[in-house]
Amino acid sequence: MNRYGEQAMTHWREHKPQEFGELENREEFFTELGEEISTEIETRARDLAGEEPDGEGYLQRLQRLNSSRMTAEGEVLRERVLLDVEPDSE
């Protein structure tokens, strides 16, 4: 299980205990979810990074790629991992 799967499992265990308890095969579920999240982050980061501008230097490229990766990761984690908490778990 990758770090996104682990993060999702921890979040569900703490903030969505009812849904977490209803999962039959937690390891498989969060392993697959983690892989889906990783793929979605990579795809979104490439889209956000866009084409390499003319004359872009190494440091500018590194900054553009890192920035797009962090933005994509934040968006996907909010959408797929950091889901609303159950009312009883607050």
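Read the figures in this text as sums done on the coordinates, not as results from a lab. Bear in mind the structure is a predicted one, so any value in this text is a computation, not a measurement. Backbone-built Cβ (ideal geometry, glycine too); neighbour counts: all protein chains shown.
What the table shows:
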| item | result |
| --- | --- |
| Residue of Leu77, Leu23, Leu48 that the Gaussian network model of the chain assigns the largest fluctuation, springs spanning Cα pairs under 10 Å | Leu23 |
| Farthest positive-ward along the chain dipole, Cα basis, beta-carbon charges - from Gly21, Val81, Tyr58 | Tyr58 |
| Cβ charges +1 (Lys, Arg) and -1 (Asp, Glu), total dipole of the chain, debye | 440 |
| Mean residue ellipticity (222 nm) of the chain, computed from DSSP H runs ≥ 4 via -39,500 (n - 2.57), nearest 500 | -24500 deg cm²/dmol |
| Computed over the chain: relative contact order in percent, which uses C-alpha pairs under 8 Å that are six or more apart | 41 |
| Per-residue ³J(HN,Hα) for segment 47-57, Karplus 6.51 cos²θ - 1.76 cosθ + 1.60, θ = phi - 60°, Hz, x for Gly and Pro | 5, 5, 5, x, 6, 6, x, 4, x, 5, x |
| Cα gyration tensor shape of segment 3-84, rounded if a/c is under 1.5, else prolate or oblate by comparing a/b with b/c | prolate |
